[in-house]
Amino acid sequence: MPEQLIAIKSRIKSVSSVLKITKAMGLVATVKVNRWKNQMLSNRTYIDELEDMAVTLLSSCNIKDTPFVETNSEVSGILYLFITSSLGLCGSYNANLFKFMESIVTSEDTVLVLGKKGLAHYENTDLFKVNTDFSEYSTSQNAEDVSNIGDYLVKAYLNHEYKEIHIIYTMYKNSITFVPTDFTLLPLTSEQSDDSKYIIYEPDKKTIIERLIPMYLTSVVHTKLLEAELSENAARSTAMDNASDNANDILDDLSLEYNKARQGKITEEITEIVAASRDR
């Protein structure tokens, strides 16, 4: 019986230590969720205005005036920018991304993987070609990394290396819902509009396209990276909350088991005392 009590107390101590860790990580993840959500909302205002400018500009152009609208029909492969996490303990976040990505990517396509979890998972895969040029990427807060990724995607498309450029990321809906999403970055869509004929372009339309569209595309990449990071932290917060709830349930069961064993030990000692007094 004493051995049983010692074992139960040891388990209670271990679970209590785990509970402290999960609660702390949950609080950290919650703080990050609030911070990233505010950044995403602030960035959304900027990207919406930039998108309106890009749409207006492209609507006034003939498709042949810009390579960003033309499909590279002479090549067949698609380049996917695949955004995973670099840290773990975020539940099924990465597993859902892997499943979604493998359902749409073919052997002809190339996957540019961001995040250590994705790089480790597809280190030796033969399902598709893996590009690890940005294996050191860690966060959307690094402006230089984001700019380099955006420039790489734009140049790869303009050099006709791929038919299309896609981004696979996790779209944030709310604190408990995150959806793996396939977003087409290039080619851009263009719809003719009569409103754009009243706009005066300075210095000229071609120069503005060459400068504005790459900036817009890099901003879109940053937006998706930011949203993916928000979803990751929200998933981690949910996972840690679930882990804390499970730890509390285990502690309740262990406490009940400990009290029963302790009561059994007390009853046994009382029985021995009573038996000894009767023998006298």
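Points to keep in mind about this one:
- Principal-axis tilt of helix 205-279 within the chain, Cα atoms, nearest 10 degrees: 10
- Under the Debye formula (equal points on every Cα, no solvent term), log10 I(q)/I(0) of the range 156-280 at q = 0.09, 0.13, 0.15, 0.16 Å⁻¹: -0.57, -0.82, -0.93, -0.99
- With 0.36 nm allotted per residue and the present C-alpha distance subtracted, the Gln141-Glu272 stretch has 40.2 nm of extension available.
- Under the criterion of Cα pairs below 8 Å and six or more residues apart, the relative contact order for the range 78-201 equals 27 percent.
- Net length gained if the chain between Asp252 and Leu212 were fully extended (0.36 nm per residue, minus Cα distance): 8.4 nm
- For Asn131, the residues whose amide H sits under 5 Å from its own are Val111, Leu112, Val113, ignoring neighbours fewer than 5 places away on the same chain, with H placed 1.01 Å from N.
- The chain: angle of helix 143-158 to the longest principal axis, Cα-based, in degrees nearest 10: 50
- Inter-probe distance in nm under a simple model that places probes 7 Å from Cα toward Cβ, at Tyr46 and Ile6: 6.2
- Ellipticity estimate at 222 nm from DSSP helix runs (n ≥ 4, -39,500 (n - 2.57)) divided over the chain, nearest 500: -21500 deg cm²/dmol
- Efficiency of FRET from Cβ geometry, Ser14 and Lys265, R₀ 30 Å, rounded to 0.05: 0.85
- Nearest-0.05 FRET efficiency for Asn174 and Ile21, computed from C-beta distance (R0 25 Å): 0.45
- Inter-label distance, Ser92 to Leu158: 4.2 nm, where each label sits 7 Å from its Cα along the C-beta direction.
- Accessible surface, per residue, of the chain when the full set of protein chains is kept, probe 1.4 Å, Å²: 57
- When the listed pairs Lys155/Lys206; Lys37/Lys99; Lys117/Lys224; Lys23/Lys260 are checked against a 21 Å cut-off, the alpha-carbon distance exceeds it for Lys37/Lys99; Lys23/Lys260.
The values are calculated or read from the model by the stated rules, or taken from the named source; none is laboratory data. Please read these numbers as outputs of a predicted model, since none were measured by experiment. We place every Cβ from the backbone using ideal geometry, glycine too, and count neighbours over all the protein chains shown. The area values use the complete protein model at the heavy-atom level, side chains included, leaving out ligands, DNA and RNA. Shrake-Rupley method; radii C 1.70, N 1.55, O 1.52, S 1.80 Å.
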